[in-house]
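Scroll down for the structure; my scribbles are underneath it.
Quick note: the coordinates plus some simple rules give every number you see, no bench work behind them. Please read these numbers as outputs of a predicted model, since none were measured by experiment. Here the Cβ positions follow ideal geometry from the backbone for every residue, glycine too, while neighbour counts run over all protein chains shown.
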Amino acid sequence: MHFLLVYEVGPEYLERRAEFRNEHLALAWEAHTRGELLLGGALAEPVDTALLLFQGDSPAAAERFAAADPYVLHGLVRHWRVRPWITVAGAQAATPAHPGP
């Protein structure tokens, strides 16, 4: 199953993220190496949201990530939430659905 970790970032995010970026990226690549994090990044124009796509049997990996993320711990993320994402199309879809006859 897939889970989206949704970050709502504050107005100071762009100015402050460099201070914590290496630690944040190390955490992200470690999660990727464990097979938990598939993709992550910030939305542009405006940069007010970031999305991280996790896979697993539960939202636990995404929740652990947010709890340890320096962006969250140092207030760059104003709010975060984890949402199950029912993926149906694409090579990595968790529940592939194809059109019928």
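Computed from point charges on the beta carbon alone (+1 for Lys and Arg, -1 for Asp and Glu), the dipole magnitude for the chain about its Cα centre is near 180 Debye. Arranged from fewest to most other beta-carbon atoms within 10 Å of their beta carbon, H74, H2 become H74, H2.
Dipole of the chain computed with +1 at Lys/Arg Cβ and -1 at Asp/Glu Cβ about the Cα centre; of W80, A44, A97, farthest Cα towards the positive end is A97. The relative contact order of the chain comes to 42 percent, based on Cα pairs under 8 Å that sit 6 or more residues apart.
Each of H79, H98, H24 was scored by other Cβ atoms within 10 Å of its Cβ. Listed from fewest to most, they are H98, H79, H24. The Cα center of the stretch 44-79 and the Cα center of the stretch 82-101 differ in position by 22 Å.
Electrostatic tally near A68: other residues with Cβ closer than 11 Å to its Cβ, Lys and Arg +1, Asp and Glu -1, net -3.
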